[in-house]
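The values are calculated or read from the model by the stated rules, or taken from the named source; none is laboratory data. Bear in mind the structure is a predicted one, so any value in this text is a computation, not a measurement. Positions of Cβ are generated from backbone atoms using ideal geometry, with glycine treated the same way; all protein chains shown enter the neighbour counts. SASA here: full protein model, heavy atoms, side chains in, ligands and nucleic acids out. Shrake-Rupley method; radii C 1.70, N 1.55, O 1.52, S 1.80 Å.
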Amino acid sequence: MRIERIELYHINMPLVAPFQTSRWIETERAVPLVAVYSEGLVGWGECVASNGPWYSYETDETAWLILSRYLIPMVLGQDITDPSQPSRLTARVRGHNMAKAGLEMAIWDLLAQAQGVSLSHLLGGERDRVDVGVSVGIQPSLAATLATIRGYLDAGYRRIKIKIKPGWDVEVVRAIRREFGDIRLQVDANSAYRLEDAVPAFQAMDDQGLLLIEQPLGEDDILDHAKLQPQLRTPLCLDESIHSLDHARWALETGACRVINIKAGRVGGLWVSRNIHDLCQAQGVPVWCGGMLETGIGRAANVALASLPNFRLPGDISASDRYYHEDLIDPPFQLNPDSTLTVPAGPGLGVRPVPTRLEKVTLRRAEFSHREP
Ligand SMILES: [Mg+2]
């Protein structure tokens, strides 16, 4: 399929509630959306880079620049025949994985539509529903945390993740256990600890039956995680540290973790995500799908990705109403009674933005066309 035209939409959507981690707080999501046109079809992609350089160095503004100036010219006019091609065409750009992944998602949507198959099918997915959980940000108080968790359990979520930081960790976990008993529970530190503080902090919660402890140490670290993991029974899970297939291999070879969180945006797209999935599967290491507060577009790609067989833990892929009063897509993603989301079965992503809703949240738009030389 020759890539004829690409549109970028810079959108901004208010979140239903502020989302606070150990390091930053988000109240709205400003992200670039990508629309790729070929042969009468349009593929959609969502770039998960957001308002500030907090989760990673990428932001909506850097992604807009890198897409406009470098990535889009590399694919415009190209004849795309296989799904590994977008990664290869943009490999000369160092980093900027979220920008790459947004563009690649749109092209995968297009390829799947052209084949008349779902994105899940194109990826090799095997499930029609995926297990999901909810990620609970740091709340103003313990009481607020317990009330928030109760709300999500009442809504049907069967796996809870809480954000933690030094001073907001073991006592919170114990309080949740006292209140809710044996629920599926995991914690995410977003790199808030250093090794010397992490050992006592996580040994203190090693008897709490957590599914995993996510990214306790530096966002660029593998070595210290490899020192921490043998001192704990609870599996460590790397998120921020894994940007490529090599990073995943290094983490597994050094024993830095026993679980990997895959986010297509973080690793540069669905192609790399599938390769990391396959590597982990071959080594018996489970993966799960992380979340970046996506709109329905990015959420559809996450759900498709999580339908692969080695996604064996619930993903941070909640229903649309956990994030937005009005999603870009209609109908929105809704939670099934068994704490799953249904994998879209239609061609490609199986969802697309409602034009009037897209227009309402669009800050600016740009268009790029291929001209025959
Ligand atoms: Mg995380």
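Quick one: putting +1 on the C-beta of Lys and Arg, -1 on the C-beta of Asp and Glu, what dipole do you get for segment 121-342 around its Cα centre, in Debye to the nearest 20?
Roughly 380 debye for segment 121-342.
Calculate, in nm to one decimal, what Thr27 and Gln208 gain on full extension: separation in residues at 0.36 nm each, minus their alpha carbon distance.
62.0 nm
Leaving out ligands, DNA and RNA, what percent of the accessible area of segment 121-342 is carbon and sulfur, probe 1.4 Å?
Carbon-and-sulfur percentage of accessible area, whole number: 49.
Which residue fluctuates the most in the chain, going by a Gaussian network model with Cα springs under 10 Å, if the choices are Ala256, Ala63, Ala144?
Answer for the Gaussian network model of the chain: Ala144.
How large are Rg and Dmax for segment 220-373 when only the alpha carbon atoms are used, in Å?
18.0, 61
Quick one: if you take sqrt(5λ) for each eigenvalue of the C-alpha gyration tensor of segment 302-373, what semi-axes come out, biggest first, whole angstrom?
29, 19, 11
Within a Cβ distance under 13 Å of Arg364, other residues only, what is the Lys/Arg minus Asp/Glu net charge?
-4
Around Glu46, what is the net charge, scoring Lys/Arg as +1 and Asp/Glu as -1 over all other residues with Cβ under 9 Å from its Cβ?
0
Please give the direction-averaged projected area of the C-alpha convex hull for segment 1-77, in square nanometres with one decimal.
5.7 nm²
To the nearest 10 Å², what's Lys360's accessible area with a 1.4 Å probe?
Accessible area of Lys360: about 140 Å².
Taking every pair of Cα atoms in segment 121-342, average 1/r, invert it to obtain the Kirkwood radius, and report Rg/Rh to two decimals.
0.95
For the chain, what is the calculated [θ] at 222 nm in deg cm²/dmol (nearest 500), taking -39500 (n - 2.57) for each run of four or more DSSP H residues and dividing by its residue count?
-9500 deg cm²/dmol
Computed over the Cα atoms, what is the radius of gyration of segment 56-112 divided by 2.2 N^0.38 Å, N being its residue count?
Here the Cα radius of gyration is 1.07 times the empirical estimate.
Compute, for the chain, the length of the dipole vector about the Cα centre, with Cβ point charges of +1 (Lys, Arg) and -1 (Asp, Glu) only. Units Debye, rounded to 20.
That gives a dipole near 80 debye.
Less than 12 Å Cβ to Cβ from Ala201, Lys/Arg counted +1 and Asp/Glu -1: what total charge do the surrounding residues give?
Local charge sum for Ala201: -3.
Taking all protein chains in place and a 1.4 Å probe, what share, in percent, of the accessible surface of segment 63-109 do carbon and sulfur account for?
Summing carbon and sulfur atoms, their accessible area is 50 percent of the total for segment 63-109.
At 0.36 nm per residue, minus the direct Cα-Cα distance, what do Arg69 and Leu41 gain on full extension? Give it in nm, one decimal, please.
Length difference between fully extended and current span is 7.7 nm.
Would you mind working out the accessible area per residue for the chain, using a 1.4 Å probe, and quoting it in Å²?
Ligands and nucleic acids excluded, the figure is 39 Å² per residue.
Strictly over 25 Å apart at the Cα level, which of Lys161/Lys360; Lys165/Lys227; Lys100/Lys165; Lys163/Lys263; Lys165/Lys360 would you flag in this model?
Distance filter (> 25 Å) returns Lys161/Lys360; Lys100/Lys165; Lys165/Lys360.
If I model a spin label as a point 7 Å beyond the Cα along the Cα-Cβ vector, how far apart are those points for Gln334 and Asp128 in nm?
Distance between label points: 1.7 nm.
Computed over the Cα atoms of the chain, what is the convex hull's projected area averaged over all directions, in nm²?
Approximately 16.8 nm², given one-decimal rounding.
Considering only Trp108, Leu122, Met98, whose Cα is most displaced toward the positive end of the charge dipole of segment 93-133, charges sitting on Cβ of Lys, Arg (+1) and Asp, Glu (-1)?
It is Met98, whose Cα lies furthest towards the positive end.
Any idea which of Ser244, Trp271, Leu313 is furthest toward the positive side of the dipole for segment 121-342, if Lys and Arg beta-carbons carry +1 and Asp and Glu beta-carbons -1?
Going by the Cα projections, it comes out as Leu313.
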